[in-house]
Amino acid sequence: MKSYSLKLSGREEGPYAESQIAQMFADGRIDRNTPCKPADRGDWKTIDDYLPMLKYGTQLPPPVEIPRVPPVPPPVPPLSAQRVAVVDFDIPFWSVLKIMFKWMAAAFVVFCCFLPVFILVWLIIMAVFAGIINGVMSNLQHP
């Protein structure tokens, strides 16, 4: 089995056996364009030039599972040591005024749409009261 030297992060490392290079390729630590040369001789070429079968993935070992350790949260300071910042919003007066006029215009449009409904409900209520008052008054005339 041949061994190869790799150029990783600008440094020559190795020699690595073909199986080690295949494992590194499967783990994603190197790619097809990583510089490589045989350990005993040769020019620097890419891994794809010396080991072309790696790119097909048919001879790759399964990637090594790296256990994921959750990061340790920073210590929480006591409540008395926490800082609280009050932020003052600097909103221009004219922007607030424009927003108020837009809300007022929207309210006016809604009010105008419901105005006939309000008038109709008012007339119905007044008709009911008029009927009640008329009935009471008519009973007073007949003994």
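The values are calculated or read from the model by the stated rules, or taken from the named source; none is laboratory data. Given the structure is predicted, the values throughout are model-derived calculations rather than measurements. Here Cβ is always computed from backbone atoms with ideal geometry, including for glycine, and neighbour counts include all displayed protein chains. Ligands, DNA and RNA are excluded from the accessible area calculation, which covers all protein heavy atoms including side chains. Shrake-Rupley method; radii C 1.70, N 1.55, O 1.52, S 1.80 Å.
Points to keep in mind about this one:
- Full extension of the segment from residue 18 to residue 99, taken as 0.36 nm per residue of separation minus the current Cα-Cα distance, would add 22.1 nm.
- In the context of the full set of protein chains, residues of segment 14-54 present 56 Å² of accessible surface per residue (probe radius 1.4 Å, heavy atoms only).
- Accessible-area composition of the chain, carbon plus sulfur, in percent [1.4 Å probe]: 66
- Note on residue 53: accessible area is roughly 90 Å² with a 1.4 Å probe, heavy atoms of protein only.
- Here the extension length gained between residue 27 and residue 49 equals 6.0 nm, from 0.36 nm per residue of separation less the Cα-Cα distance.
- Based on the reciprocal of the average 1/r between different C-alpha atoms, the Kirkwood radius for the chain equals 25.1 Å.
- Taking other residues whose beta carbon is less than 9 angstrom from the beta carbon of residue 37, and scoring Lys, Arg as +1 and Asp, Glu as -1, yields +1.
- The Cα atoms of segment 85-143 define a convex hull whose projected area, averaged across directions, is 8.5 nm².
- Between 0 and 90 degrees, the angle of helix 93-141 with respect to the longest Cα principal axis of the chain falls at about 40 degrees.
- Here segment 1-44 and segment 78-132 have alpha carbon centers that stand 72 Å from each other.
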